[in-house]
Amino acid sequence: MVEQVANQQSGGGSTPTPSLHFSKCKLEDVSEFVRKNHYSHTYPGGIDFSFSAHYGETLVGACLFGYGASRNLAEKLLRGEKDKHKFRELVRLVFLDEVPRNSESKFISWCLKFLAKNTELLAIVSFADSSKNHVGYVYQASNWLYTGESIAHHKNYLLDGKDTHERTLYSMYGKFSYKELKEKLGDRLQISSQVVKHRYIYLLRPELRERLLPAVLPYPKKKNWLDDLEKND
């Protein structure tokens, strides 16, 4: 049975206000929603945990977790830890604008509680894309740890003019090598500069805080202090 939680919104008059509820789901249940509504119109391979948010009967949000691009994430995050299977990256968060305020942070918090209760995962990492003017307010609102800006260690590509992660290219063509990809795709593929991203970490086991390797830093802010919570981090 799919686990679910409902946050009832206050309503008035004779027409009840729809409820916002969260569920674990299959990737296929939200894949088209993510492609349509995320600014990249893609998602990477390696996703093994998917969650959906419905407002009444309408799908309004999706959250996807997977292995991400880093092959040595365990060693980077926790002292003495080498098992990469105990870590995941929050690779896509998508929410429509019409949901109630703070729905994104509530959704993320619910997903994290589910993973903490039902898996042996230790920590989740996520990145806010500075090139999209994101600094990660939604992660700040759900009490993630900020550990600074990510270091550019891999290439970003443009496939047919669209930003495409190297892991996505691997899932499509079975190749990481730029030379091999270029031979196959020709002018369809170009190298895009790697953007700086803000890195956030959430420890599913709070007792692991003393083993955290990156320094915890103050939350970053946008230059424009009037901005609200970002959509689609």
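Read the figures in this text as sums done on the coordinates, not as results from a lab. Please read all numbers here as calculations on a predicted model, not as lab measurements. Cβ placement follows ideal geometry from the backbone for every residue including glycine, while neighbour counts extend to all protein chains displayed.
Annotations
- Cut-off 11 Å between beta-carbons: net charge of the residues surrounding L59, Lys and Arg +1, Asp and Glu -1: -2
- Amide H contacts under 5 Å for R92, placed H, 5+ residues apart: L64
- 20 Å Cα-Cα reach of K106 towards aspartates and glutamates, excluding residues that sit fewer than 8 places from it in its own chain: E3, E57, E89, D97, E98, D227, D228, E230, D233
- Relative packing of 116-124, 210-218, which averages over residues the other C-beta atoms within 10 Å, highest first: 116-124, 210-218
- Placing pseudo-labels 7 Å out from each Cα toward the beta carbon at L208 and K117 gives an inter-label distance of 1.9 nm.
- Per-residue packing, averaged as other Cβ atoms within 10 Å, sorts the ranges 183-190, 143-150 into the order 143-150, 183-190, beginning with the highest.
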